[in-house]
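Written below as structure tokens is the structure these notes are about.
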Amino acid sequence: MNYSIALVPGDGIGPEVTGPAAEVLDAVGDKYGHVFNYVELMAGGKAIDACGEPLPPETLDAARQCDALLLGAVGGPQWEDLPGHLRPERALLGLRSGLEVFANLRPAVLLPQLRAACPLKDEALAVGHPEGKAAFDLLIVRELTGGLYFGKRGRIEESSNGHSPGAAFDTETYSWAEIERVLRSGYAAAAARWKKLCIVDKANVLESSRYWREVASVVSRDYPDIETSYMYVDNCAMQLVRAPGQFDVIVTSNLFGDILSDEASVLTGSIGMLPSASLGSPEAPLAKGGRPMGMYEPIHGSAPDIAGQDMANPLGTILSAAMMLRYSFALEREAREIEAAVNTVLDRGLRTRDIAGRGGGAGEKIIGTRAMGEAVVAAIGGL
Ligand code: NAD
């Protein structure tokens, strides 16, 4: 079958990690008889340089015509002084809201090969793990198109203390419908896992969090098999480093999910390992293939400090491509093939610099971005 993929390499290490991911997709396609056609699109800093805006309307229009979107990362120091609405990161927000992908699934799994790269002791990992193992496999479902990142914001012009503008504000607003749909995404994910869902908020302080709980108290009734719990975000930040094994699915707001998933990434060894999928629902406009739109990207940024040096870890993007096969194209076997290939290269001791040597480095070989991509391709070919 043929699939069209909007490919947005972006800035910094973005093109370095999307290139190998596309090669891995092609390898799986060759093996199982699928053709992936890429439509390369511009967004972020590159788009600002080329056309003066981070998300040219043509990019969004073209993305909507594709079956799914794969993105590297956007941003960099050269665009940091631009006003907020012109910064590269606005492209991400525009794509997410324009494609109506409101549920951002961010798995954080400790792979046994990277155990030594996780800074936690076995005791901490085993606490709360259902089988007492030194491991964790959690999924953060982050609301992606609402909350603080999309709320009313501005400056208050009156001067205070001689400064003008005298203040600035952002607002957190969530509608019942926005909360309900992301909760249902979380419950659907939990149903296919260990049936535990933890809603993370700041209900002791924030009205919007108390409203999340009201919605959850109603929605949870539809999922009697799933254990629903609530946790304040400050406690969750602590529990993630104290006993991450206790979590199955965490559902949370845009802001909290952004921060907690970066924290969780450190426990997996490196931010370069973590994939993500951003999904719409059957009610949102459907992608060309008739399925809900999906946008796939590693959780890391454009890493300007290592850009252009063949040092970036492409595995988060490669695993994002696997999520694309699973969620957008329903190609579960092919998704597993990519995940197994990643496991194989790690078993062989192949490491990019960010995941190397934390356990002494015995039997490890440090390789670059391109070589890591080639190793995954070779593992798919069974070489
Ligand atoms: P970052 O994720 O780019 O980098 C944080 C640290 O992690 C750096 O030391 C970097 O070298 C390392 N790192 C990140 N990805 C890696 C990979 N694949 N392999 C190895 N090491 C990796 O975050 P930052 O430094 O805060 O942001 C840099 C730029 O990226 C900023 O302009 C920021 O706005 C942007 N950003 C974009 C996205 C996105 O496009 N989704 C997300 C976050 C940040």
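The values are calculated or read from the model by the stated rules, or taken from the named source; none is laboratory data. Computed from a predicted structure; not experimentally measured. Note: ideal-geometry Cβ built from the backbone for every residue, glycine included; neighbour counts use all protein chains shown. SASA here: full protein model, heavy atoms, side chains in, ligands and nucleic acids out. Shrake-Rupley method; radii C 1.70, N 1.55, O 1.52, S 1.80 Å.
Below, the figures for the structure above:
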read-out: Yes/no for Ile306 being closer than 25 Å to Glu89 by Cα, within 11 Å of the ligand (Cβ to nearest atom) and at pLDDT below 95; value: no
read-out: Segment 338-353, subset surrounded by fewer than 20 Cβ atoms within 10 Å (Cβ to Cβ) and either within 16 Å of the ligand (Cβ to nearest atom) or touching a residue at least 40 places away in the same chain (Cβ under 8 Å) (or both), residue nearest to the chain's Cα centre (by Cα); value: Asn343
read-out: Residue match in segment 59-67 (condition: within 16 Å of the ligand (Cβ to nearest atom) and either at positive phi or touching a Phe, Trp or Tyr at 6+ places or on another chain (Cβ under 8 Å) (or both)); value: no
read-out: Residue under evaluation Ala312, criteria (1) surrounded by 23 or more Cβ atoms within 10 Å (Cβ to Cβ); (2) outside any helix (DSSP H, G or I); (3) more than 16 Å from the ligand (Cβ to nearest atom); (4) not acidic (Asp, Glu), criterion not met; value: (3)
read-out: Of residues in segment 354-375 being touching a strand residue (DSSP E or B) at 6+ places or on another chain (Cβ under 9 Å) and either basic (Lys, Arg) or part of a loop (DSSP other than H, G, I, E, B) (or both), the one nearest to the ligand (Cβ to nearest atom); value: Ala356
read-out: Among residues of segment 315-337, those that are polar (S, T, N, Q) and either open to solvent by 50 Å² or more (accessible area, probe 1.4 Å) or in a helix (DSSP H, G or I) (or both), counted; value: 2
read-out: Some residue of segment 274-281 being more than 13 Å from the ligand (Cβ to nearest atom) and modelled with pLDDT under 90; value: yes
read-out: Residues (within 13 Å of the ligand (Cβ to nearest atom) and either open to solvent by 50 Å² or more (accessible area, probe 1.4 Å) or more than 21 Å from the chain's Cα centre (by Cα) (or both)) located in segment 1-46; value: Pro15, Lys46
read-out: Verdict on Ala63 being open to solvent by 10 Å² or more (accessible area, probe 1.4 Å), assigned by TED's automatic domain parsing to the domain that holds Ala379 and of a type in the set (A, V, I, L, M, F, W, C); value: no
read-out: Residues of segment 237-273 that turn out to be within 14 Å of the chain's Cα centre (by Cα), more than 16 Å from the ligand (Cβ to nearest atom) and without any contact (Cβ under 8 Å) to a residue 60 or more places away in the chain, as a count; value: 0
